[in-house]
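The values are calculated or read from the model by the stated rules, or taken from the named source; none is laboratory data. All values reported here derive from a predicted model rather than from experimental measurement. Here Cβ is always computed from backbone atoms with ideal geometry, including for glycine, and neighbour counts include all displayed protein chains.
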Amino acid sequence: YAEIPEHTAIYDGEDDIVVGRILGEGFFGEVHEGVYKKRTRVAIKTCKDCSGDVKEKFLSEADLMKNLDHPHIVRLIGVIEFDPVWIVMELYEHGELGNYLVEQQYILSIARLTQYCLQICNALAYLEGLNMVHRDIAVRNILVASAECVKLGDFGLSRYVDDQEYYKASVSRLPIKWMAPESINFRRFTSASDVWMFGVCVWEIFSMAQQPFSWLENGQVINLLESGTRLGKPQKCPPTIYSLLTRCWSYEPHSRPTFRDLVLSFRCKLTNPPIC
Ligand code: ADP
């Protein structure tokens, strides 16, 4: 469909949404800022060529998000299923954590960075309890609501694992440098592979959004991991947190801590660093 003109009101009266400027480019189309019911500021995900399969894939993210309710997960407000097809979410005006870390790098304290890690860890422990794997945990997929609060977003790759025990991926658009060895080798995704990815995400947070393995091609990563090499300690990362990361990067999935374990560790590091 044609571009959405600025300030288009859809629906009359109480249900109107007014569309504003473009916030960014999503996989399916532009993401706009907007206002819902004259009060709530929202982000509107649009879908460019939204028919059949594309529409189904686009809306599958909203379908998963519908059932989620957590203070550190992006909140879905609603979906418009017919022309234009939109996903409407709460707006987080500071945008992606990756950019925020670069902009605020001289201001953010270690305690603040640890707090962000704990918040995302809490969100992931919640997903772990629902048997959901996120599969794309990275600072580009975390949004900043305020200086004290970050939210995990982008459920485009998320899946319920339910009875199957693990989700076997078929898509090729995967974030190799964040992935656990069994995900790269066998496309095997579990909460334990999410723990590995969370470790890489914590590494990104403490390195103020540097690219993991920036010196490697995607195809070279698995050999390096198989040889036992891991990402090094970012300068700002406290040694006790780095030692947690190395456990998240255990080769064997069952040797990694769970998110429930990690929440306890991060909470302790935030409240009482000398003893843990
Ligand atoms: P996709 O997952 O379809 O690629 P993203 O979720 O990455 O799309 O969204 C694209 C961009 O839109 C993001 O980089 C971010 O800057 C912006 N964005 C998305 N959702 C929100 C939101 N809820 N609040 C603020 N900005 C958002």
Worksheet item: Which condition number in (1) exposed (fewer than 15 other Cβ atoms within 10 Å of the Cβ); (2) farther than 20 Å from SER146 by Cα is the one that LYS55 fails?
Response: (1)
Worksheet item: Regarding ILE10, is this residue at pLDDT 90 or above and either β-branched (Val, Ile, Thr) or more than 30 Å from ALA125 (Cβ to Cβ) (or both)?
Response: no
Practice prompt. Just name the residue that is surrounded by the fewest Cβ atoms within 10 Å (Cβ to Cβ) out of those in the stretch 114-129 that are more than 16 Å from the ligand (Cβ to nearest atom), more than 17 Å from TRP203 (Cα to Cα) and aliphatic (A, V, I, L, M).
Written response: ALA125
Discussion item. Out of ARG75, ARG21, I need the residue that is modelled with pLDDT of 90 or more and within 9 Å of the ligand (Cβ to nearest atom). Which one?
Written reply: ARG75
Worksheet, complete the sentence: Those residues of the stretch 25-47 which are free of Cβ contacts under 8 Å to residues at least 40 places away in the same chain and either over 11 Å from TRP86 (Cβ atoms) or in a strand (DSSP E or B) (or both) amount to GLU25, GLY26, GLU30, VAL31, HIS32, VAL35, LYS37, LYS38, ARG39
Worksheet item: Quick one: in the stretch 247-264, which of the residues that are in contact (Cβ under 8 Å) with a residue 24 or more places away in the chain and in a loop (DSSP other than H, G, I, E, B) is surrounded by the most Cβ atoms within 10 Å (Cβ to Cβ)?
Response: ARG256
Item to complete: Can you confirm whether the stretch 70-92 contains a residue that is within 22 Å of LYS269 (Cβ to Cβ) and in a helix (DSSP H, G or I)?
Response: no
Item to complete: Just give me the residues in the stretch 214-237 being touching a Pro at 6+ places or on another chain (Cβ under 8 Å) and surrounded by fewer than 17 Cβ atoms within 10 Å (Cβ to Cβ), in sequence order.
Response: ILE222, GLU226
Item to complete: Could you grab me the full set of residues in the stretch 36-69 that are within 17 Å of ASP154 (Cβ to Cβ), away from the ligand (no atom under 12 Å from the Cβ) and touching a Lys or Arg at 6+ places or on another chain (Cβ under 9 Å)?
Response: LEU64, LEU68
Worksheet entry | Of all residues making up the stretch 130-154, the number that are away from the ligand (no atom under 16 Å from the Cβ) and modelled with pLDDT under 95 | 4
Worksheet item: Somewhere in the stretch 99-113, is a residue in contact with a strand residue (DSSP E or B) (Cβ under 8 Å, 6 or more places away or on another chain) and either surrounded by 21 or more Cβ atoms within 10 Å (Cβ to Cβ) or of a type in the set (Ser, Thr, Tyr) (or both)?
Response: yes
Discussion item. Given the criteria touching a helix residue (DSSP H, G or I) at 6+ places or on another chain (Cβ under 6 Å), surrounded by 24 or more Cβ atoms within 10 Å (Cβ to Cβ) and modelled with pLDDT of 95 or more, does ALA209 qualify?
Written reply: no
Worksheet entry | Which numbered condition HIS94 fails, given (1) of a type outside the set (Gly, Ala, Ser); (2) over 14 Å from the mean Cα position of the chain (by Cα); (3) more than 10 Å from the ligand (Cβ to nearest atom) | (3)
